[in-house]
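This report refers to the structure that appears directly beneath it.
The values are calculated or read from the model by the stated rules, or taken from the named source; none is laboratory data. Note that the structure is a prediction, hence the values are computed from the model and not measured. Please note: Cβ atoms are built from the backbone with ideal geometry, for glycine as well, and neighbour counts cover all protein chains shown.
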Amino acid sequence: MTGSEAQRAVDAVWRIESARLIAALTRIVGDVGLAEELAQDALVAALERWPESGIPDNPGAWLMATAKHRAIDRIRRDERHARKLAEVAHQMHAARADSPDDEAAPGDDMGDDLLRLVFLACHPVLSAEARVALTLRVLCGLTTGEIARAFLVAESTIAQRIVRAKRTLTREGASFEVPEGPELARRLPSVLEVVYLVFNEGYAATAGDDWMRPSLCEEALRLGRILAELVPKEPEVHGLVALMELQASRSGARTGASGEPIRLLEQDRARWDQLLIRRGLASLARAEELGGGLGPYWVQAAVAACHARARTAEETDWARIAALYGLLAQLAPSPVVELNRAVAVGMAYGPAAGLTLADSLAGDPALKDYHLLPSVRGDLLARLGRGAEARTEFERAASLTRNQRERMLLLERAHTCGGEDQSGQG
């Protein structure tokens, strides 16, 4: 096996196994930062040995055994961890570890370890930016450089966020456990927020030259599906998975041949992924079956389902979408929700009704530099035949967005200022 072949093999194995590996090591050593270091040490060992020995039959177990041996070596060098040494030695006593290839595969507690790691990486003691960076690092196996490129920030910035996040978890004594009862209800929104933040950045990039970053959508979907398997009785988890599946189903139709954005009502629905739609609707139904009070992610998924079920743009049930946004405004009030409701009301009951709602948000400080407010107003004004005002709004929206593709679309709309229907960006 050549060095490049080994590198590709190790990279592939790392993406699959890194989260489980770090989770198990965190349980053993009690420190996510140290656990990641040990996992990286095992990765280096694989790069050194696999080109000569070949890929083992169970590469995940090989990495786990190697990392555990590294853990013992590390603990031996630190007398303060004498008790940990005994614990690790006890765990390894029964394993035939003469060669890493002989190490048994991880046990049934691996799922619990992985769930513990999810809650640790998404701990509310961390900022949203730190939670996202740490999650992508330890749960998705992305490198610091890959995370930096995905969010268009300096690699040093991401590295600092990850280092500070680990230090904060250690300083605050964040426990490596799955919260239960009321604590689970309190902590779960933090986890779901991180997953959806990752998805949204992939679905509609806030900045840069690309309208979408599919790799981030895929990572978020993978995390959501894992979470749904680990906590299957939480309806909002299934609601979030449904929302991501249904939105992701449109990905193939959201851009043109040159990467330009295509708005929802103009998309070729034959290009929507029917498998993702079926999966999304099934997850939505699962959330409904569980009951217990449906939350914001379920409501947003129900909105997406209205679009998914409409065979043509004209068949969209905008009255139901407007009602769902009204419900969402009660569950999770925000000016952005009200702006989405204004769009739906404008589609269901006419642009004048939508403009009244949008105008009521004009003075909200949270939307002062939010480009979608003038974008929505521009569309509603255009549909009312107020072209000059619409052009001004589209130009203002273009000046506020940091995404180059979106800027070009908005400037085009300002130039033509036609009477197309506004439906959001799909």
- Does residue 9 satisfy the criteria of being surrounded by 19 or more Cβ atoms within 10 Å (Cβ to Cβ), touching a residue at least 24 places away in the same chain (Cβ under 8 Å), of a type in the set (A, V, I, L, M, F, W, C) and assigned to a helix (DSSP H, G or I)? no
- Message: Being among the hydrophobic types (A, V, I, L, M, F, W, C), crowded, with 18+ Cβ neighbours inside 10 Å and out of contact with any Ser or Thr (no Cβ under 6 Å at 6 or more places or on another chain) is the filter here; which residues of the range 269-289 pass it?
- Response: 281, 284, 287
- Scan the range 134-142 and give yes if some residue there is modelled with pLDDT under 90 and polar (S, T, N, Q), otherwise no. yes
- Query: Would the range 80-98 turn up any residue that is under 25 Å from residue 164 (Cβ atoms), assigned to a loop (DSSP other than H, G, I, E, B) and at pLDDT below 90?
  - Reply: no
- Message: Between 416, 401, which is farther than 23 Å from residue 297 by Cα, of a type in the set (Ser, Thr, Tyr) and out of contact with any helix residue (DSSP H, G or I) (no Cβ under 8 Å at 6 or more places or on another chain)?
- Response: 416
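Can you pull out the helices (runs of 4 or more DSSP H) entirely within the range 158-249 that have at least 1 residues that are in contact (Cβ under 8 Å) with a residue 60 or more places away in the chain and aromatic (Phe, Trp, Tyr)? Explain how you work it out, then say what you get.
Values: elements: 181-203, 214-230, 235-248.
Correct list: 181-203.
Tell me, which residue of the range 256-268 that is part of a loop (DSSP other than H, G, I, E, B) and of a type in the set (D, E, K, R) is surrounded by the fewest Cβ atoms within 10 Å (Cβ to Cβ)?
Step one: list which residues in the range 256-268 are part of a loop (DSSP other than H, G, I, E, B), which gives 256-260, 262-263, 267-268.
Those left that are additionally of a type in the set (D, E, K, R): 260, 263, 268.
On the way: 260: 14, 263: 18, 268: 9.
Step by step, filter the range 256-268, then rank; the result is 268.
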- Item | the range 211-261, residues that are in contact with a Phe, Trp or Tyr (Cβ under 9 Å, 6 or more places away or on another chain), of a type in the set (A, V, I, L, M, F, W, C) and under 20 Å from residue 303 (Cα atoms) | 217, 220, 221, 237, 240, 241, 242, 243, 244, 248, 253
- Task: Being buried (at least 24 other Cβ atoms within 10 Å of the Cβ) and part of a loop (DSSP other than H, G, I, E, B) is the filter here, so list the residues in the range 126-141 that pass it.
- Result: 126, 139
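Would you check if residue 408 is more than 25 Å from residue 317 (Cβ to Cβ), in contact (Cβ under 8 Å) with a residue 40 or more places away in the chain and not charged (D, E, K, R)?
Values: more than 25 Å from residue 317 (Cβ to Cβ): yes; in contact (Cβ under 8 Å) with a residue 40 or more places away in the chain: yes; not charged (D, E, K, R): yes.
So residue 408 fits the description; yes.
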